[in-house]
Amino acid sequence: MNYNQNKNQDFQVLIEKYLDGKITIEEVKKLVNYYESFQESHEWDEELGAEFNIKNNILFNILKSIQEENSVKNIPFYQNSIFKYIAAASIALIVTLTFLFNKNNTLHNEPVIVDTKIEIGSCKAVLTLSDGSVVALDSTNTYNNKCVKGNGSEIIYGVSETESQNLEFNYLTVPRGGQYHVELSDGTDVWLNSDSQLKYPVNFIKGHPREVELVYGEAYLEVSKSTENHGTAFILKTKQQDITVLGTIFNVKAYIDEVDIVTTLVEGSVAVSNSINKNILKPSEQSKLSQDKDDFEISTVEVEEFISWHKGKFSFTNKSLAEIMKVLSRWYDVDILIVNEDLENIGFTGVISKKQPIENILGIIQNTNNMKYTIENKHITIE
């Protein structure tokens, strides 16, 4: 038996171990290395066939194997350290794994695509200065002045404070189909998701709380420590709640078209409060505040699911089709209509790269439920 035959046989054994749930982290790493070596040698090009169809069929079976393991062991598979490693690995590896076990599968319903113009989301935003002037920010248009530097994917404010009680505010607005990073003058890093707006001062007042406002949308924050800012607290305001921190990492989702304001703590400690209640969150805890309620609902969660968006991944754990389509509509700047209401509450689990065409993701979902979708310009219909 030659070297390539041995390698193929080892690869097959590792895949079977993975699907049986008996693979170790070291073996997963070996599996990734095997796949990458196959790609470099182009040994599988002729066998793989149409990439679009294969990606859909393959990820479907991986998700199916995860769901089956959940039902047998009643343990969330995404909490397993091996799953986390796989999620971080190349999405192409998942494509290959499923192909080996579903070589004859084909899509049940071919999608209808008419003059599609759907682009993958990118780094872009609009900066509104204190004098009302507006600057478009993207890879081809940046902004720089004496206290602000931009490079196309982020803007950084110079570290400075003011004794004046009059603050100058900037607004950073990220449209649908965008994402952007800003470093505030106190060193706090903020990543804004699609369809979001942040209001913040150009400089903070020395000795006063550092207040910023998430006007709407979603933000991931790594707040600079109070010890680095004369002991002052950092306060993030939203429409219905305040979040007070001394130095921590957390995520806040407060979209206009969603009922809940969701705060997820990664590190440190935060106080979430409104006019009636106040709660202290610990790492891995999440608070939900509904628009029609005054009480906070506190639970323990797997934080990676809620922060992966700023790392270039969609992470879904038993999310309904309706919830997923809302996320996709923001990132790809499309309108999505689910005609068949029976599909809206079907749950999906998986980690998918945000750097791929939306057709790939729709195809994966299509294969799990034999649904049909139509794309016409920037409108998607699911039935």
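The values are calculated or read from the model by the stated rules, or taken from the named source; none is laboratory data. Here the structure is a predicted model, which means the values were calculated and not measured. Methodologically, a virtual Cβ is constructed for each residue, glycine included, from the backbone with ideal geometry; neighbour enumeration extends over all protein chains shown. What goes into the accessible areas is simple: the full protein's heavy atoms, side chains included, and nothing from ligands, DNA or RNA. Shrake-Rupley method; radii C 1.70, N 1.55, O 1.52, S 1.80 Å.
Computed 3J(HN,Hα) for the range 351-359, one whole-Hz value per residue from the Karplus formula 6.51 cos²θ - 1.76 cosθ + 1.60 where θ = phi - 60°, is 10, 10, 5, 7, 9, 10, x, 5, 4, glycine and proline marked x. Normalised by 2.2 N^0.38 Å, where N is the number of residues, the alpha-carbon radius of gyration of the range 124-258 equals 0.99. Element breakdown for the range 290-346 at a 1.4 angstrom probe: carbon and sulfur atoms account for 41% of the accessible area. Averaged over its residues, the range 255-377 has an accessible area of 45 Å² per residue, based on protein heavy atoms and a 1.4 Å probe. Scalar couplings 3J(HN,Hα) for the range 189-194, obtained by applying the Karplus form with A = 6.51, B = -1.76, C = 1.60 to θ = phi - 60°, are 9, 10, 9, 9, 7, 4 Hz; x denotes Gly and Pro. Taking each residue as 0.36 nm, the span from residue 151 to residue 134 lengthens on full extension beyond its C-alpha to C-alpha distance by 4.4 nm. At the listed q of 0.09, 0.15, 0.20, 0.21 Å⁻¹, the Debye profile of the range 176-328, built from one uniform point per Cα, gives log10 I(q)/I(0) equal to -0.26, -0.76, -1.39, -1.53.
To the nearest 0.05, how large is the calculated FRET efficiency for residue 293 and residue 322 if R₀ is 30 Å and r is the Cβ-Cβ distance? Here the calculated transfer efficiency is 0.90.
In order along the range 251-261, the phi-based Karplus estimate (6.51 cos²θ - 1.76 cosθ + 1.60, θ = phi - 60°) of 3J(HN,Hα) comes to 10, 10, 10, 9, 6, 5, 8, 10, 6, 9, 9 Hz; Gly and Pro are listed as x. Across the range 328-358, the residues whose backbone nitrogen lies under 12 Å from the label position 7 Å along the beta-carbon direction of residue 379 are 335-337. With each label modelled as a point 7 angstrom along the Cα→C-beta vector, the residue 167-residue 300 pair spans 3.6 nm.
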